[in-house]
């Protein structure tokens, strides 16, 4: 192993150790761990969006809708029909994927603009649809959703959720990474770079776009289902167009087409308002807007490009 | 539904549709020439409307002057956006360009909320007074102004696109940008002109329609979604399509809201899915656009 390889291993080990030790450092400040948990949930959903936009070249302006579908499906199944929690999460993921199919099928055969508008329409009407349904608690939202339970172990404390989410996050990231390195993943990237070339190589462009879109919707559904059992409260307005734009912003700021971008983006998005302080919350919106513009113009790979530059500078 | 109610709903729907048409025409104008889907159209107008609000209420500037200044401010924003943001990333994917406009929209929303807080404000209408009664139809005066503005704007855009040299240049760019450059069309300045006109329309539209809502950082959000729906219905890439699509959406929305109030806000999703399945090129589209 070269010396730079050893060094990289040391850095990665240090990061892993930091991730595992962090909750113990903030043991007395469970609110900070709570924020980190939220950031991880967002990072999961954003990873789906990153797969879609960064690797698939497709845009979704209504990704929060898939989170809402996943969350509500899982929560209603557990609360009203007393379904096993694990199966409910699976159903939430499947429900989100199904909606992805309904929206993706008509719009993906056309240019990217149509997908943008169709997902935007979904994103802005999902809150209204949920509000009109009785089973979802309508305008009051769903309250007292049971806490996530694994076997006999209830995830009530923020610290236990933290470790659980770290595990889920790692699994999701590995699945996405392996998908991207598989034959299908290469096909997806080929479609992004040139549809014409891809189809000349025998890639079924429409099918791969649809697969990517459904995959991204499923990941958002998973994030939504976990969100429901973590926050224990769902309200339709939390999943409106503005939250979809937030998810999109996280993936852009973190760095599209990079595997760690979603984590950086979600951390930045959740932590900046905390750091700035409650009274100045709209200043963070200004900073987010500027960050997006700055990312697109000067740092196409967002914060993760910044990290890579620091790495090369320090020769890690 | 009696015929009177139907007439009222339809005509009022036309005035609502005129709102979507005004916003949609600006978006389509920019889209078809510069190939940028401007998600900041609504919020550009929103931010200008805030500035207009303080000019009218605090500085007591006459309304007509404010209207002209708002249009000019929109044009300036458009020029700056094209010159300093779009130009340097034009060669990248349309996704990057969309993301830039999303960032811009977030920036305007954040600035408005940060500088002026999110409290809803009542914006005075351009014309006030009792509603006008035409036969069985009752119409607010500001609604008539919006409808007239949409018609006049459409007329001006039509004359610009089909009767001026710059308009012809813009249309030729939308057909084939490379060929247009080869023929000696100064594409950068046409892009700037189109951005200026499109964003000027954002300022005009927001200022005219804000009295129907209340002035807050999010007031253009839903309007913009419906304008995009109108664009898809009209066939993406034709100003005429956006105008007619907007009017149709407005009328259908009003009728649907009366008959089936439950699906009032989600019906545009239904419209989009149906249009994409049945009529993907829209009402007036010329088939799939090649440049996308």
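The values are calculated or read from the model by the stated rules, or taken from the named source; none is laboratory data. Just so we're clear, the structure is a prediction, and the values are computed from it rather than from any experiment. As a convention, Cβ positions derive from the backbone with ideal geometry for all residues, glycine included, and neighbour counts pool all protein chains shown.
Note on the stretch B:81-115: residues that are within 19 Å of the chain's Cα centre (by Cα) and more than 7 Å from chain A (Cβ to nearest Cβ) total 6.
Inspect the stretch A:163-185 for any residue being within 22 Å of the chain's Cα centre (by Cα) and part of a loop (DSSP other than H, G, I, E, B) and give the result as yes or no. Please lay out each step first, then the result.
Of the stretch A:163-185, the ones within 22 Å of the chain's Cα centre (by Cα) are A:163-182, A:184-185.
Narrowing the set further to residues that are part of a loop (DSSP other than H, G, I, E, B) leaves A:182.
Checked the stretch A:163-185: at least one residue is within 22 Å of the chain's Cα centre (by Cα) and part of a loop (DSSP other than H, G, I, E, B).
Restricted to the stretch B:234-272, and to residues that are facing another protein chain (nearest Cβ under 10 Å) and within 26 Å of residue B:170 (Cα to Cα), which residue is surrounded by the fewest Cβ atoms within 10 Å (Cβ to Cβ)? Per the criteria, the residue is B:237.
Of all residues in the stretch A:285-307, one or more are at pLDDT 90 or above, in contact with a helix residue (DSSP H, G or I) (Cβ under 6 Å, 6 or more places away or on another chain) and under 30 Å from residue A:132 (Cβ atoms). May I ask you to verify whether residue B:71 is more than 22 Å from residue B:18 (Cα to Cα), in contact with a helix residue (DSSP H, G or I) (Cβ under 6 Å, 6 or more places away or on another chain) and touching a residue at least 40 places away in the same chain (Cβ under 8 Å)? When the stated conditions are applied, residue B:71 does not pass them.
Can you tell me which residue is nearest to residue A:264 (Cα to Cα) among those in the stretch A:132-162 that are in a helix (DSSP H, G or I) and modelled with pLDDT under 85?
So, considering only residues that are in a helix (DSSP H, G or I) and modelled with pLDDT under 85, the one nearest to residue A:264 (Cα to Cα) is A:158.
Residues in the stretch A:194-207 that are assigned to a helix (DSSP H, G or I) and free of Cβ contacts under 8 Å to residues at least 40 places away in the same chain: A:195, A:196, A:197, A:198, A:199, A:200, A:205, A:207. Restricting attention to the stretch B:152-170, the residues being under 21 Å from residue B:23 (Cα atoms) and either touching a residue at least 12 places away in the same chain (Cβ under 8 Å) or not in a helix (DSSP H, G or I) (or both) number 7.
Here is a check on your reading of the model: is residue A:224 in contact (Cβ under 8 Å) with a residue 60 or more places away in the chain and away from chain B (no Cβ under 11 Å)?
On the way: in contact (Cβ under 8 Å) with a residue 60 or more places away in the chain: yes; away from chain B (no Cβ under 11 Å): yes.
Yes; evaluated as a whole, the condition is true for this residue.
Does residue B:85 fit the bill of being touching a helix residue (DSSP H, G or I) at 6+ places or on another chain (Cβ under 7 Å), free of Cβ contacts under 8 Å to residues at least 60 places away in the same chain and surrounded by 24 or more Cβ atoms within 10 Å (Cβ to Cβ)? It is false that residue B:85 is touching a helix residue (DSSP H, G or I) at 6+ places or on another chain (Cβ under 7 Å), free of Cβ contacts under 8 Å to residues at least 60 places away in the same chain and surrounded by 24 or more Cβ atoms within 10 Å (Cβ to Cβ).
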